[in-house]
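Novice: I'd like to ask some things about the structure below.
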Amino acid sequence: MTNQNGSARLLPAAILALGAVLAATIFGAFFHSSRASRDTVQVVGAASERFTSDVIKWQITLARTVDAAVLPSGYAQLRGDVERVRAQLSGAGIPDSAVSTQPVSANPIYNQTGTINSYQVIQGIVVISSDVDGVERWAMDPGTLLGDGVVMQGSQLEYFYSGLDSLKHDLLAAATRDAHRRASEIAGSAEREVGSIVSARAGVFQINEPYANEVSAYGMYNTGTRQKQITVTVHSTFVLD
């Protein structure tokens, strides 16, 4: 009677133990399968597009040279020069909000004995505008902006694009599509199919003038030309089915 009761108690325990072993075996097989290496293909996709800048930045440096004894008059003259330039730009349709002035500086000029003979008084003006054509015309022929005695010591144009963020997103998508196309060409030669993407890493953006071949590991943004070309690469890994 005792043996029968003992056997009855051992049967459920044996069933539970067997179930645990089977579960462990199935889990182990699944884990091994999930960890098993799969064939992949690594490719680099690229995308490039030309665009035209729609924002211009004009940096102007005005200067006057005055005797050391009358330095305050130099400040007054330069202030008049700046006001004249701003008025001319305003008359050309460039709003005053697009024009800013920088602090005045005075650089001493020494004579042969080492004494300060005069000063060159300098002040910068910065114009940022969407009127690219208009600002370019002023920059190429600034004579009417300047009064008698004023010197334009420096003049520099820089070009930017207001839709750059959106363009970058579109270009990344295009480079990813190009990577998939290249992977398909490689897989097709081996009679394989391209599966899901495993990883992707975008390179830095290279923004240059058209037909330029200069690149930088940190990316480039050439602001010296109105016409630009942007390029980006995407390093992608795809599963091969």
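Novice: How large is ³J(HN,Hα) for each residue in segment 128-145, as worked out from phi by the Karplus curve 6.51 cos²θ - 1.76 cosθ + 1.60 (θ = phi - 60°), to whole Hz, x for Gly and Pro?
Specialist: 10, 8, 8, 7, 5, 4, x, 5, 4, 4, 5, 5, 7, 9, x, x, 6, 6
Novice: Considering every pair of different Cα atoms, what Kirkwood radius, in Å, is found for segment 102-209?
Specialist: 20.3
Novice: Any idea how far the Cα center of segment 160-187 sits from the one of segment 113-133, in Å?
Specialist: Between the Cα centres of segment 160-187 and segment 113-133 lies a distance of 43 Å.
Novice: Apply the Karplus parameterisation 6.51 cos²θ - 1.76 cosθ + 1.60, with θ equal to phi minus 60°, to every residue of segment 204-212 and state each ³J(HN,Hα) to the nearest whole Hz, in sequence, with x for glycine and proline.
Specialist: My calculation for segment 204-212 gives 7, 7, 10, 10, 9, 6, x, 6, 7 Hz in order.
Novice: Pop out the carbon and sulfur fraction of the accessible area of segment 105-215 as a percent, whole number, probe 1.4 Å. Present the calculation step by step, with values, prior to reporting the outcome.
Specialist: On the way: 3280 of 6690 Å².
Heavy-atom surface of segment 105-215 belonging to carbon and sulfur, 1.4 Å probe: 49 percent.
Novice: With a 1.4 Å probe and all protein chains left in place, how much accessible area per residue does segment 96-202 have, in Å²?
Specialist: Numbers: 6460 Å² over 107 residues.
With the other protein chains kept in place, segment 96-202 gives 60 Å² per residue.
Novice: Convert each backbone phi in segment 161-175 into a coupling constant with the Karplus relation 6.51 cos²θ - 1.76 cosθ + 1.60 (shift: θ = phi - 60°), then list the ³J(HN,Hα) values in order as whole Hz, x for Gly and Pro.
Specialist: Coupling constants for segment 161-175: 10, 6, x, 5, 4, 5, 5, 5, 4, 5, 5, 4, 5, 5, 5 Hz.
Novice: What full-extension length gain, to one decimal in nm, is calculated for Thr40 and His169 as 0.36 nm per residue of separation minus the Cα-Cα distance?
Specialist: Working: separation 129, 0.36 × 129 = 46.44 nm, distance 2.60 nm.
Full extension from Thr40 to His169 adds 43.8 nm.
Novice: Okay, moving on. Counting every Cα pair in segment 152-229, what percent are over 21 Å apart? Mind showing how you got there, number by number?
Specialist: Working: 1444 of 3003 pairs.
The proportion of pairs with Cα distances above 21 Å equals 48 percent.
Novice: Which residues does the label zone of Leu146 cover in segment 57-97, counting backbone N under 11 Å from a point 7 Å along Cα→Cβ?
Specialist: Within reach of a label on Leu146, which here means backbone N under 11 Å from a point 7 Å along Cα→Cβ, segment 57-97 contributes 61-64.
Novice: Sticking with this structure for a sec: Select from segment 133-241 those chymotrypsin sites (Phe, Trp or Tyr not before Pro) which occupy a DSSP coil region and have at most 14 other Cβ atoms within 10 Å, ordered by residue number. Don't skip to the end; give the middle numbers.
Specialist: On the way: sites: Trp138, Tyr159, Phe160, Tyr161, Phe205, Tyr211, Tyr218, Tyr221, Phe238; in loops: Tyr161, Phe205, Tyr211, Tyr218.
Here the sparse-neighbourhood loop sites are Tyr211, Tyr218.
Novice: Show me the ranking of peptides 119-128, 48-57 by mean Cβ neighbours inside 10 Å, starting with the highest.
Specialist: Values: 119-128: 19.3, 48-57: 15.0.
Going from most to least packed, we get 119-128, 48-57.
Novice: Turning to a different aspect of this structure: Simple spin-label model, 7 Å along Cα-to-Cβ: Glu193 to Asn222 in nm?
Specialist: That separation, rounded to one decimal, is 4.5 nm.
The values are calculated or read from the model by the stated rules, or taken from the named source; none is laboratory data. Here the structure is a predicted model, which is why all the values come from computation and not from measurement. As a convention, Cβ positions derive from the backbone with ideal geometry for all residues, glycine included, and neighbour counts pool all protein chains shown. When the accessible area is computed, the model is the full protein with side chains, heavy atoms only, and any ligands, DNA or RNA have been set aside. Shrake-Rupley method; radii C 1.70, N 1.55, O 1.52, S 1.80 Å.
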